[in-house]
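Accompanying notes for the structure given below.
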Amino acid sequence: MALPLRDDERSHRVPWVTLTLIAINVLVFLFIQPAGFQGGGIQRPEDQNHYWQAQDEEQFTYRWGAVACEVVTGKTLASRPDGCRGGRPSAPPQGKSISLALLTAMFLHGSIDHLAGNMLFLWVFGSTVEDRLGPLNYLGLYLLGGMVATLGYVAMNAQSPVPLIGASGAIAVAMGAYLVLLPRGRILTVIATAAFQVVYVQAAVVLLLFFVTQFFTDPSESVAWEAHAAGMVAGALAALVLGRIPA
């Protein structure tokens, strides 16, 4: 396991876009997402309060999360499209905007651990990419690239009715851009071997290792590795172009 903590690149400006993205993600998780997300889910299904909490959580996730088969068919689960295979919610939300969900899904998280890990990666890699590309180029890269990452997941799971949420696809875009812009940058990283070590590792090593390990993700972990891989590729390609545009 390798956990990045920070890089040693000197910033030339305050990363306002990255800070704003982090703030939006945290505020959405704490004040907009249903309480079931903050509480770690249902502990006792027989508890009526927990039952309704789960219902709210499911409705919210299906409404604002990106569902692969909805994107492919252009129809929501409420209309029961033929292109969806697998378990579906008992009462899918009505009037959902499929295209909007591609954007909103990037600002939702399933747990506090999910949020904390994503925001750490966003800060380590996003702030430096913003400094190199400029705030507007970086914001466009993050948002558009994040949707491309989601579409990468959709392409590999076309019939899935399971909603995808999380900022990791968009963050992977920033990581791919970092790999192109600063491959020799140094990342202070926690490495778990026989004991925990905190050492500086070249960015190319950290990022390529992350990319390769996505293809060996355990399916039982429910990690959208397809979005991570597609996001890194999209970010790397975009950085080749954006790196030549004045910040």
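The values are calculated or read from the model by the stated rules, or taken from the named source; none is laboratory data. In this text, all values refer to a predicted model and were calculated from it rather than measured experimentally. Heads up, the Cβs are rebuilt from the backbone with ideal geometry, glycines too, and the neighbour counts pull from every protein chain shown. Please note that ligands, DNA and RNA were not included when accessible areas were found on the heavy atoms of the full protein model with its side chains. Shrake-Rupley method; radii C 1.70, N 1.55, O 1.52, S 1.80 Å.
Here are the numbers for this structure:
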{"quantity": "Accessible surface ranking that places the most exposed of S111, S127, S222 first, with a 1.4 angstrom probe", "calculated": "S222, S111, S127"}
{"quantity": "Share of carbon and sulfur in the accessible heavy-atom surface of the stretch 174-247 [1.4 Å probe, %]", "calculated": "67"}
{"quantity": "Exposure rank, largest accessible area first [D8, D131, D113, D56; 1.4 Å]", "calculated": "D113, D56, D8, D131"}
{"quantity": "Long-range HN-HN contacts of L164 with modeled amide H, under 5 Å", "calculated": "A66, V67, A68"}
{"quantity": "For D7, residues with placed amide H under 5 Å, excluding near neighbours", "calculated": "L188"}
{"quantity": "Most to least accessible of T128, T193, T73 (protein chains only, probe 1.4 Å)", "calculated": "T193, T73, T128"}
{"quantity": "Lys/Arg +1, Asp/Glu -1 at C-beta; the chain dipole; positive extreme among V129, A195, A224", "calculated": "V129"}
{"quantity": "Hz values of 3J(HN,Hα) by residue in the stretch 214-226 - Karplus curve (6.51, -1.76, 1.60), Gly and Pro given as x", "calculated": "4, 7, 10, 5, 5, x, 6, 7, 6, 9, 7, 4, 4"}
{"quantity": "Rh (Kirkwood; distinct C-alpha pairs) - the stretch 113-207, Å", "calculated": "14.6"}
{"quantity": "Which of L115, Y153, M1, positive extreme of dipole for the chain (C-beta unit charges)", "calculated": "Y153"}
{"quantity": "Listed peptides 175-184, 83-92 by packing density, highest first (mean Cβ within 10 Å)", "calculated": "175-184, 83-92"}
{"quantity": "³J(HN,Hα) computed for each position of the stretch 93-107 - Karplus, 6.51 cos²θ - 1.76 cosθ + 1.60, integer Hz, glycine/proline x", "calculated": "x, 8, x, 6, 9, 5, 5, 5, 4, 4, 8, 5, 4, 6, 10"}
{"quantity": "Accessible surface, the stretch 109-247, averaged per residue in Å² (probe 1.4 Å)", "calculated": "46"}
{"quantity": "Mean-position separation - Cα centroids, the stretch 181-247 and the stretch 162-176, in angstrom", "calculated": "12"}
